[in-house]
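One structure below.
Nothing in this text is a laboratory measurement; each read-out follows from the coordinates by a stated rule. Everything numeric here is computed off the predicted structure, so don't read it as measured data. Cβ coordinates were reconstructed from backbone atoms using ideal geometry, including for glycine residues, and neighbour counts include every protein chain displayed.
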Amino acid sequence: MALFGRGERHERRGTPYSALVVGVGNPGRKYEGSRHNVGFDAIELLASRFNSSMKSSRDRALVAEINHDGNRFVLAMPTTYMNESGNAVGPLARRYAIDEPANIIVVHDELDLEPGVVKVKIGGGLAGHNGLRSISSHLKTQDFVRVRIGVGKPPSKEDGADHVLSRVPINERKVLDVAVEIAADAVQLILSQGAQAAMQQINGR
């Protein structure tokens, strides 16, 4: 059944939350610290900021349920591989009764941005990102909010997989760590002031 379409009402099965914030990446120590996992890094930082920890859920994800100043939202890291992220995001959106795609925020790596650049985007194309493609397929929409963390392009397209999956040189890692902080700031702005306000404050940096 479609999530944001016909049948959507019949799929809600949990207590409504205001937002679902998803960081995408690959599970396992092999991929820790890679460019592909900066979305995970941002979610872990956010959980720390809210004095929470990520716990296993039945929906193929690690989650933290946050209640901050009366705003209830969920942080999530799919335990699937990146290209199957939607297998977690779809069920999570139903469980937490997220009824609008604009209330789903996906934090992900972005080849089309220079390392360290962070941008907020509402909907639009998927830019060949397999994680976004999977999420869009399961949600039946591309209108969710993205927080894009630039990791730069490899010298050639053939090096794409190695570029995003390999460990990052120390100097670039420092740049990405700052970007992860900015991405976490962006998520908090979206949650408190809305995506348009976050775009104005983050994208102009």
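Using a simple spin-label model with pseudo-atoms 7 Å out from Cα toward Cβ, R167 and Q188 lie 3.0 nm apart. Sorted from longest to shortest, the spans of the Cα atoms of the range 8-202 along the three principal axes equal 47, 31, 29 Å.
Length gained on full extension, R29 to R72: 12.5 nm, using 0.36 nm per residue less the C-alpha separation.
Between N130 and S18, the simple label model (points 7 Å from Cα in the Cβ direction) yields a spacing of 3.6 nm.
Here the extension length gained between D112 and N203 equals 31.3 nm, from 0.36 nm per residue of separation less the Cα-Cα distance. For the range 8-202, a simple Cβ point-charge model (Lys and Arg +1, Asp and Glu -1, everything else neutral) yields a dipole of about 460 debye relative to the Cα centre.
On the basis of the beta-carbon distance and an R0 of 25 Å, K174 and S52 show a calculated FRET efficiency of 0.45. Simple spin-label estimate for I122 and E100 gives 0.9 nm between the two label positions (7 Å along the Cα-to-Cβ direction from each Cα).
In plain terms, the residue of R49, R95, R167, R29 with the fewest other Cβ atoms within 10 Å comes first and the most crowded comes last, giving R29, R167, R49, R95.
Counting only lysines at least 8 places from K121 when in the same chain, those with an alpha carbon closer than 21 Å to its own are K140, K153.
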